[in-house]
């Protein structure tokens with residue numbers, strides 16, 4: 001005599017990861033690496049103008065050389081801090097790259113949203129880079145303590161190639177995010193992210209021994 005027992009059927013394996021998904025994942029890691037390099041470069045560029053900024057602050061009426069130098073140092077470190085804060089968004093995209101390569105479709109949709117927003121922001125930045133803007137130190141906090149710093153224009157102290165550098169950074173980041181979006185939308189990527197169908201459990205008849213019963 002035998003009784004039916006249910007045993008799980010072997011499930012089909014997930015298809016091998018296509019090259020387009022691997023490329024998208026590596027691009028996700030790349031945006032974080034590029035943002036890190038950009039943040040470091042921005043800090044170095046800012047540090048290179050410390051002496052010129054100190055001189056400009058002295059010419060603007062800073063009370064002393066040391067105070068002008070301290071103020072310039074704060075400005076440079078603020079520029080670096082802003083650059084490193086810019087790592088948050090690319091860092092999240094890069095972290096999601098781990099699950100992108102594993103074929104998690106919900107992560108792919110999240111990456112599309114994040115990359116789409118980044119494309120919009122970088123696109124606006126690229127368009128705005130053609131405009132001439134003035135970055136003045138307008139740090140007056142309601143008192144006259146830093147009135148001597150208000151008319152110092154940082155933009156004029158930057159290297160001549162700085163505007164081109166900023167446009168190039170935004171343009172490269174824009175292309176990287178567009179690449180991620182396109183790669184994850186290709187047919188081979190769609191196939192990889194499609195859920196694998198699961199087979200239902202089938203009954204398997206195994207030998208059954210009811211044992212002896214007491215009279």
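Here are the numbers for this structure:
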| quantity | calculated |
| --- | --- |
| Fully extended contour minus Cα-Cα distance, from residue 78 to residue 41, at 0.36 nm per residue | 11.9 nm |
| Distance (nanometres) between label positions extended 7 Å along Cα→Cβ at residue 175 and residue 50 | 3.4 nm |
| Spin-label model distance (nm) - residue 33 vs residue 188, 7 Å beyond Cα toward Cβ | 2.1 nm |
| Residue 120/residue 17 FRET efficiency (R0 35 Å; Cβ-Cβ; nearest 0.05) | 0.75 |
| FRET efficiency, 1/(1 + (r/R0)^6) with R0 35 Å, evaluated for residue 196 and residue 162 via beta carbons | 0.10 |
| Per-pair calculated FRET efficiency, R0 = 45 Å: residue 60 and residue 87 via Cβ, rounded to 0.05 | 0.85 |
| Per-peptide average of other Cβ atoms within 10 Å, ordering 94-100, 158-164 highest first | 94-100, 158-164 |
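Every number here is computed from the coordinates shown, using simple stated rules; none is lab data. Here the structure is a predicted model, which is why all the values come from computation and not from measurement. A quick note on method: Cβ atoms are made from the backbone with ideal geometry, for glycine too, and the neighbour counts reach across all protein chains shown.
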